[in-house]
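None of the figures in this text is laboratory data; all of them are computed from the coordinates on show. Keep in mind it's a predicted model, so treat the numbers as computed, not measured. Using ideal geometry, Cβ is built from the backbone for each residue, glycine included, and neighbour counts are taken over all protein chains shown.
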């Protein structure tokens, strides 16, 4: 089966090759790439490599944020500013630690649930601007806080 099919519904027609021909081409490409070094494959496919890196930055940064926000409550500097003296030790009560962790996840959930509706209603640019503004306000509040009122 070597004849090409033209789909009439597309402007100018679309050449479609039979499946067995695609398999042969794919096998040829696989064989050629298996003979190349890793550096040659990277040089031959720079867009694929770049897109893969960009796509994987999101999950990496999300995991980093979760780890940092969960671990920061144990840092001595954080405890000195925000901690309370409990039985002779400076620590943060479990309720506040739970709220600290929960509100990060709650913010992520609210953003995920409302993001689509906000983008449909107000457009992508305004949505990104509002998200950035909310993040900036949160960062500003975090850095201008003066610590525990008991200290």
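Some points to look at:
- The modelled label-to-label distance for the pair residue 96/residue 118, using points 7 Å beyond Cα in the direction of Cβ, is 2.8 nm.
- Chain lengthening between residue 61 and residue 104 when straightened (0.36 nm per residue, less Cα-Cα): 14.1 nm
- Under the shape rule built on the C-alpha gyration tensor, where the axes satisfy a ≥ b ≥ c, segment 85-151 is oblate, since a/c reaches at least 1.5 while a/b does not exceed b/c.
- Binning all Cα-Cα separations of segment 41-105 at 5 Å, short to long from zero, yields these whole-percent fractions: 3, 14, 18, 15, 10, 9, 7, 7, 6, 5, 3, 1, 0.
- Fully extending the segment from residue 25 to residue 54 would add 7.6 nm, taking 0.36 nm per residue of separation and subtracting the current Cα-Cα distance.
- Förster-model FRET efficiency, 25 Å R0, residue 75 and residue 133, C-beta, rounded to 0.05: 0.35
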